Amino acid sequence: MSDEVKFYEPTVYIPEAEIKTRVRELAEKINEEFGGSELTVICTLKGSIVFFADLIRHLNMPVVCEFLGMSSYGNHTTSTGEVKVTLDLNEPLIGKNVLVVEDIVDSGLTLNYVIEYLKVRKPASVKTAALLLKPDALKAHQLQIDYVGFQIPNKFVVGYGLDYAEKFRGLPYIGVIET
Ligand code: PRP
């Protein structure tokens, strides 16, 4: 039997223009909330890279970019509940205002883990932004998400940073594939 993964053509679920508008709206809310105060914005690798890159370009305050390597899925399409830190932050967070940027909150286990992981470093505050939220898949019900782009049904989505077996991250839209 072959181990080869089959790839299906995604269908557009959230078009590029809609994402662009929504990302700008989220950035405006963040700008209102933080004013001119410095913000440490943490990109959780790899899925958040595109959302992160677009979001920070609409932020008005001084931004410190940090990258946190997190992995929970491998090539599976459902959460294992296990979170692995694959790359740590460069700078101390003590006394900093922090914004964690996630591409998608599915079970919420990853973001939940990240928040606890960061709080140990004594930041002044930790806020969270997720482009996509699947309310029906949420297991971490106490999870606080301060800025949500779109609430979506429990479908497997790709594009705009999100992958299926490392494919489709470069799509400019959010697409759906049948797996
Ligand atoms: C994806 C996504 C989130 C997480 C969400 O990461 O980027 O970090 O899963 O799932 P959860 O809410 O059920 O925990 P993944 O581990 O696939 O790694 P990637 O970002 O490198 O694609």
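The values are calculated or read from the model by the stated rules, or taken from the named source; none is laboratory data. Keep in mind it's a predicted model, so treat the numbers as computed, not measured. FYI the Cβ positions are ideal-geometry reconstructions off the backbone, even for glycines, and counts take in every protein chain you see. For accessibility, only protein heavy atoms count, side chains too; no ligands or nucleic acids. Shrake-Rupley method; radii C 1.70, N 1.55, O 1.52, S 1.80 Å.
Pick from Leu109, Leu133: which is modelled with pLDDT under 95, within 16 Å of the ligand (Cβ to nearest atom) and out of contact with any helix residue (DSSP H, G or I) (no Cβ under 9 Å at 6 or more places or on another chain)?
Result: Leu109 is the single residue among Leu109, Leu133 that is modelled with pLDDT under 95, within 16 Å of the ligand (Cβ to nearest atom) and out of contact with any helix residue (DSSP H, G or I) (no Cβ under 9 Å at 6 or more places or on another chain).
For segment 20-44, which positions are within 24 Å of Val158 (Cβ to Cβ), in contact (Cβ under 8 Å) with a residue 60 or more places away in the chain and more than 16 Å from the ligand (Cβ to nearest atom)?
If the condition is that a residue be within 24 Å of Val158 (Cβ to Cβ), in contact (Cβ under 8 Å) with a residue 60 or more places away in the chain and more than 16 Å from the ligand (Cβ to nearest atom), then Arg22, Val23, Leu26 are the ones that fit.
Cβ-Cβ below 7 Å, separation at least six or inter-chain, first residue in segment 105-122 and open to solvent by less than 30 Å² (accessible area, probe 1.4 Å) and small (Gly, Ala, Ser), second near the ligand (Cβ under 8 Å from one of its atoms) and not in a loop (DSSP other than H, G, I, E, B): which pairs?
Within 7 Å, the pairs are Ser107/Ala137.
Taking interchain pairs and intrachain pairs at least six residues apart, which have beta carbon atoms under 7 angstrom, with the first residue in segment 76-103 and farther than 24 Å from Gly149 by Cα and modelled with pLDDT under 95 and the second among the polar types (S, T, N, Q) and open to solvent by less than 50 Å² (accessible area, probe 1.4 Å)?
Thr80/Ser72; Glu82/Ser72; Lys84/Ser71; Thr86/Ser71
From Leu162, Leu143, which residue is crowded, with 19+ Cβ neighbours inside 10 Å, within 15 Å of the chain's Cα centre (by Cα) and within 18 Å of Leu111 (Cα to Cα)? Before the answer, list the steps.
On the way: Leu143 fails: crowded, with 19+ Cβ neighbours inside 10 Å.
Of Leu162, Leu143, the one residue that is crowded, with 19+ Cβ neighbours inside 10 Å, within 15 Å of the chain's Cα centre (by Cα) and within 18 Å of Leu111 (Cα to Cα) is Leu162.
Could you tell me which of the residues Leu143, Leu131 is closer than 23 Å to Glu38 by Cα and in contact with a Gly (Cβ under 6 Å, 6 or more places away or on another chain)?
Numbers: Leu143 fails: closer than 23 Å to Glu38 by Cα.
Among Leu143, Leu131, only Leu131 is closer than 23 Å to Glu38 by Cα and in contact with a Gly (Cβ under 6 Å, 6 or more places away or on another chain).
Looking only at residues that are at pLDDT below 95 and open to solvent by less than 40 Å² (accessible area, probe 1.4 Å) in segment 165-179, which one is nearest to Ile49 (Cα to Cα)?
Top of the filtered list is Ala165.
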